[in-house]
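**Q** Next up is a structure, given as structure tokens.
The values are calculated or read from the model by the stated rules, or taken from the named source; none is laboratory data. Fair warning: this is a prediction, and the values are worked out from it, not measured in the lab. Every residue, glycine as well, gets a Cβ built from its backbone with ideal geometry; the counts of neighbours run over all protein chains shown.
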Amino acid sequence: MQFFSTRDESRRVSASQAIAQGLSDEGGLFVPESFPQVDAEALCALDYPAMAAAVLRQYLTDYDPAFLENAAAATYGAAFGGKAGYLAPVEGDTWALELWHGPTCAFKDYALQLMPKLLVEAKRNLGRTEKTLILVATSGDTGKAALDGYHDIPGVEIAVFYPTGGTSEIQRLQMATQEGANVAVYAVRGNFDDAQTGVKRVFADKAIAARLEEKGVRLSSANSINWGRLVPQIVYYFAAYAQLRKAGKLAPGGEVDFCVPTGNFGDILAGYYAKRMGLPVGRLVCASNKNNVLTDFLRTGEYNARRAFYKTSSPSMDILVSSNLERLLYHVTGSAAEVAALMGSLGREGRYAVRPETLAAIRQSFACGWASEEEVAAEIRTRWQQDGYLCDTHTAVAFHVARQAKRGGVPMVVLSTASPFKFPRSVLAALGETAPENDFEAMRALEQATGRAAPASLAGLQAKPERFDAVIDPAQIANVALACGE
Ligand SMILES: *Cc1c(COP(=O)(O)O)cnc(C)c1O
């Protein structure tokens, strides 16, 4: 299996190269040359780690299959408390795919606990000995999940950039208290797009790459633009199907819809790959918060990032430029020239419009909707009061949209992307309780109000010393990168 750039099909690389490099040189994203076909029924017989290895093997064809098996077994066992890909009943034939039982309590652990192993092996496959500097722009959850995955990995340094005030206090502390000799964390003045644009600039700057190369350092990305981030996320769509089949809720080959709380379009795109690989996915429902640029795009075919940016109670979805949409545009148009033109327009004018045929093709697989802040709060309260199901703000966005998109006779799986205890103040307020200012007091109050226990990795944060407090401007991200290896 080879991969090529969404903006230039002649730039072909192996899986190891795609993972080691992150982004293609001219700014495009790596996509697989084809969609491998798998037998979803056969995968149903496997446990999560074996299922993960079976999916990974399809794409990472220059990796040793035994390595992939061991890596999946080491990743998706104890670290996920035996609950990798756990499907919880909510009400009727609506289910929650709980993806937050990993070490940092958000779904990004699925990719970022595995990615470091894939990267080290990619370098081995390629015979590379340089140091890898990973730069991560985060709106909260990616940063911590990447830090947790990469800390103390040999031959790697990682620097994480998050928008000042753009994360919850718990998310900030998760990052600021990160241990490890090879990690650094910076608050960046501005919003997530400012931080992401700053990081993308560094990746695109040939002079920076040259100066780092002199020092034996090569840049890489842990953001969901890296293929190594996407491929592990395909697995849990199959796992959800397997559990519905096992529970007798679905006939063989029966369709299931998924509703995904979306920001950078990575998680939902993994569902599209699962579908193209042969999983009987009906619709992929793209759920947005008040930053509903994707809802507008899926309704009209115009992507317009020039709009007000809102800080919401679901900060990991506060994104105006959804990078992974570029991959979908490639798969639907089949034309790198067309994608390059659209992305050029996005860069210059902050907008682009796809052809009506392109929109129609996208809408064969994708539905959409969004939730206001009031609707998110009401959804958290309703799910708790009616179903006894406690969900976080991101998941609540998806529940709200899923109720509107629900089709009779087709099970709906809502991807539950974070633990409710990661956003305790918002969840508590939604339940109608007065939320204490302090996140940890709120965590305890939420435990009391619901009788549920906060994950130990979150409750234990308060006792940890803060290691990082630097605040920088987006333009300084380049200086941080250049200081690596000194
Ligand atoms: C990252 C994140 C999302 C959005 O996922 P994308 O892949 O960026 O679309 C949703 N919810 C939570 C909790 C997240 O951390």
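**Q** Given the criterion more than 16 Å from the ligand (Cβ to nearest atom), in a strand (DSSP E or B), surrounded by fewer than 23 Cβ atoms within 10 Å (Cβ to Cβ) and of a type in the set (Asp, Glu), identify the matching residue among Asp194, Asp257.
**A** Step by step, each of Asp194, Asp257 is checked, and only Asp257 is more than 16 Å from the ligand (Cβ to nearest atom), in a strand (DSSP E or B), surrounded by fewer than 23 Cβ atoms within 10 Å (Cβ to Cβ) and of a type in the set (Asp, Glu).
**Q** Would you please name the residue that is surrounded by the most Cβ atoms within 10 Å (Cβ to Cβ), looking only at residues in the stretch 366-403 that are in contact (Cβ under 8 Å) with a residue 12 or more places away in the chain and of a type in the set (S, T, N, Q)?
**A** Thr395
**Q** Could you please tell me which pairs satisfy a Cβ distance under 6 Å, a separation of 6+ or placement on different chains, a first residue in the stretch 242-268 that is closer than 30 Å to Asp318 by Cα, and a second residue that is surrounded by fewer than 16 Cβ atoms within 10 Å (Cβ to Cβ) and among the β-branched types (Val, Ile, Thr)?
**A** Qualifying pairs under 6 Å: Asp257/Val410.
**Q** Scan the stretch 467-475 and give yes if some residue there is in a helix (DSSP H, G or I) and of a type outside the set (Phe, Trp, Tyr), otherwise no.
**A** Checked against the condition, which is being in a helix (DSSP H, G or I) and of a type outside the set (Phe, Trp, Tyr), the stretch 467-475 yields at least one hit.
**Q** Among the listed residues Arg306, Arg327, which satisfies the condition of being within 13 Å of the ligand (Cβ to nearest atom), within 28 Å of Gly166 (Cβ to Cβ) and among the charged types (D, E, K, R)?
**A** Matching residue, one of Arg306, Arg327: Arg327.
**Q** Something else now. From the list Lys123, Lys117, exactly one residue is over 30 Å from Thr167 (Cα atoms), basic (Lys, Arg) and part of a helix (DSSP H, G or I). Which is it?
**A** Lys123
Residue-wise test of (1) assigned to a helix (DSSP H, G or I); (2) within 28 Å of Phe297 (Cα to Cα); (3) in contact with a helix residue (DSSP H, G or I) (Cβ under 6 Å, 6 or more places away or on another chain); (4) aliphatic (A, V, I, L, M).
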site	(1), (2), (3), (4)
Gly369	no, yes, yes, no
Arg444	yes, no, no, no
Gln448	yes, no, no, no
Arg452	no, no, no, no
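**Q** Something else now. Restricting to the stretch 404-421, and then to whatever is more than 16 Å from the ligand (Cβ to nearest atom) and either modelled with pLDDT under 95 or among the small types (Gly, Ala, Ser) (or both), can you tell me which residue is surrounded by the most Cβ atoms within 10 Å (Cβ to Cβ)?
**A** Going through the qualifying residues, I end up with Ala405.
**Q** Based on what the data block shows, is Gln364 modelled with pLDDT of 95 or more, more than 25 Å from Leu269 (Cβ to Cβ), away from the ligand (no atom under 16 Å from the Cβ) and not aromatic (Phe, Trp, Tyr)?
**A** Here the answer is no, as Gln364 does not meet what is asked.
**Q** Here is a follow-up. How many residues does the stretch 371-403 contain that are among the polar types (S, T, N, Q) and either away from the ligand (no atom under 16 Å from the Cβ) or in a loop (DSSP other than H, G, I, E, B) (or both)?
**A** Looking only at that region, the number is 4.
**Q** What number of residues in the stretch 276-292 are touching a helix residue (DSSP H, G or I) at 6+ places or on another chain (Cβ under 8 Å) and not in a strand (DSSP E or B)?
**A** 8
**Q** Enumerate the pairs (first residue in the stretch 139-150 and within 18 Å of Leu320 (Cβ to Cβ); second residue anywhere and near the ligand (Cβ under 10 Å from one of its atoms) and not charged (D, E, K, R)) with beta-carbon separation below 6 Å, excluding pairs fewer than 6 apart on the same chain, so at least 6 apart or on different chains.
**A** Short answer, once both residue conditions are applied: Ser139/Pro315; Ser139/Ser316; Gly140/Gln171; Gly140/Pro315; Gly140/Ser316; Asp141/Ala106; Asp141/Ser316.
**Q** Against the conditions (1) within 15 Å of the ligand (Cβ to nearest atom); (2) part of a helix (DSSP H, G or I), where does Val136 fall short? Just the number, please.
**A** Among (1) within 15 Å of the ligand (Cβ to nearest atom); (2) part of a helix (DSSP H, G or I), Val136 violates only (2).
**Q** Examine the stretch 272-287 for a residue that is closer than 25 Å to Ala72 by Cβ, surrounded by fewer than 24 Cβ atoms within 10 Å (Cβ to Cβ) and among the small types (Gly, Ala, Ser), and state whether such a residue exists.
**A** Among the residues of the stretch 272-287, at least one is closer than 25 Å to Ala72 by Cβ, surrounded by fewer than 24 Cβ atoms within 10 Å (Cβ to Cβ) and among the small types (Gly, Ala, Ser), which makes the answer yes.
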